[in-house]
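The values are calculated or read from the model by the stated rules, or taken from the named source; none is laboratory data. Fair warning: this is a prediction, and the values are worked out from it, not measured in the lab. No Cβ is skipped: glycine too gets one built from the backbone with ideal geometry, and neighbour counts run over all protein chains shown. Protein only, heavy atoms only, side chains kept; ligands, DNA and RNA dropped before computing areas. Shrake-Rupley method; radii C 1.70, N 1.55, O 1.52, S 1.80 Å.
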Amino acid sequence: PPYRPDWHSLDARPLPAWFDRAKLGVFVHWGVFSVPAWGSEWFWWHWQGERDAAYERFVRSRFPPGTSYAEFAPLFTAHDFQPRQWAELFWRAGARYVVLTTKHHEGFTNWGSPRSWNWNSVDIGPHRDLVGELGEALRERNLRYGLYHSLMEWFNPLYLADKKNGFKTQSFVIKKMMPELYDLVLRYKPDLIWSDGDWEAPDSYWNSTSFLAWLYNNSPVKDTVVVNDRWCKGCSCRHGGFFNCADKYKPGTLPDHKWEMCSSIDKLSWGYRSNMSIAEVMDEASIIEELVQTVSLGGNYLLNVGPTKEGVIVPIFQERLLALGRWLDINGEAIYESQPWRVQMENSTDTVWYTSKGPVVYAIFLLWPRDSVLKLCSPVPCPATRVTMLGYAGTLKWQEESPEKGLLITLPSMLPSPLPRSGWAVKLEGVL
């Protein structure tokens, strides 16, 4: 039956299967905030919403007196943006979907929105349809395409007037926000809508439920589209498709609802910062650890990069993505299309995590044991149990740790050189 515009009905929609199978996505935060490239993607708010002294000093020291945020837009050039290179990088990183900011809280749209006159990437700055160009390149690579979209805009006069009226009026929603959201769906047919900027107003203001009912019943992507949980004040972790709950959310135990952990290679920002230091960049081991923990607990992992105003994904971000891709080339069997096992993490340590596919169990260990003997307490072996290691030829010797409980697995005494430096997976067949 058609979905009704209420949460009870909308929340009953089964999540399209592709999303759970995908496990890994790349998030891209790109916009006018990439021009000052300082602090974070919330630059405009910190500077002129909060009047933060550090941001005011920064603008005074770098830009002419009286500079407005709007004057950054022509400097958002995307001169070096090559969508096919981005798509190739994300594909090599092992991502199965990519989520691009089509519009952040600053209101600038990365496509030629007719509702955002002279504050979009076609009228000013790049003079290009960034959303459309990236979508074409990703689809050539068979990658799913997600569109991040902020419901609110910090300084939009229509939004500020509605806010002043206690959100009893809807001028902003009717004239600006909803037309753009429908335009994005009809124009680009996204596989995913990553909503944000919802927290100030109830769903009755945003018209979230009527939009989602249309999306699920009548839109061109009604059978395949996936959405998150940021659709109103109080929606997060309660309503929508998959749950984000909070940025960098890490549940302690297996949730009963499909979820996604979004993280950023730059630990301090989602948008690009020109003064980023190497200590502020996630290392390869930390990225692998987050991915493994997230997937073991039934989540997807969405890893963010912030390109420069010219459209360059800086080499350190590329290096981290490619390292992740090399790890997945070997260990992806334990990640993609996997399911949580009956135990998510070895009870004696947080360095061994489990995934499964049907009767096959994968134990992913993040630290190489000192004596090259891996102790697993949770699996119950039988005489026919077979143990192999992903990326390593041949079977591994094992013995029961104690009657009817656990295994002691003898790993290769020397770490095989093509294998990654952190995170290895043993495949267990014939265990309970």
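Summary of values
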quantity	calculated
Residue count, the range 11-39 (criterion: closer than 18 Å to Ala73 by Cα and open to solvent by 20 Å² or more (accessible area, probe 1.4 Å))	2
Residue within the range 186-198 that is among the aliphatic types (A, V, I, L, M) and assigned to a helix (DSSP H, G or I) present	yes
First in the range 84-100 and without any contact (Cβ under 8 Å) to a residue 12 or more places away in the chain, second anywhere and assigned to a helix (DSSP H, G or I), Cβ under 9 Å, 6 or more apart	Gln85/Ala137
All positions within the range 322-341 that are small (Gly, Ala, Ser), crowded, with 20+ Cβ neighbours inside 10 Å and outside any loop (DSSP other than H, G, I, E, B)	Ala334
Residue within the range 154-166 that is touching a residue at least 40 places away in the same chain (Cβ under 8 Å), part of a loop (DSSP other than H, G, I, E, B) and open to solvent by less than 10 Å² (accessible area, probe 1.4 Å) present	no
Spans of strands (runs of 3 or more DSSP E) in the range 342-432 with at least 2 residues surrounded by 17 or more Cβ atoms within 10 Å (Cβ to Cβ)	352-357, 360-365, 373-376, 381-389, 405-410, 424-431
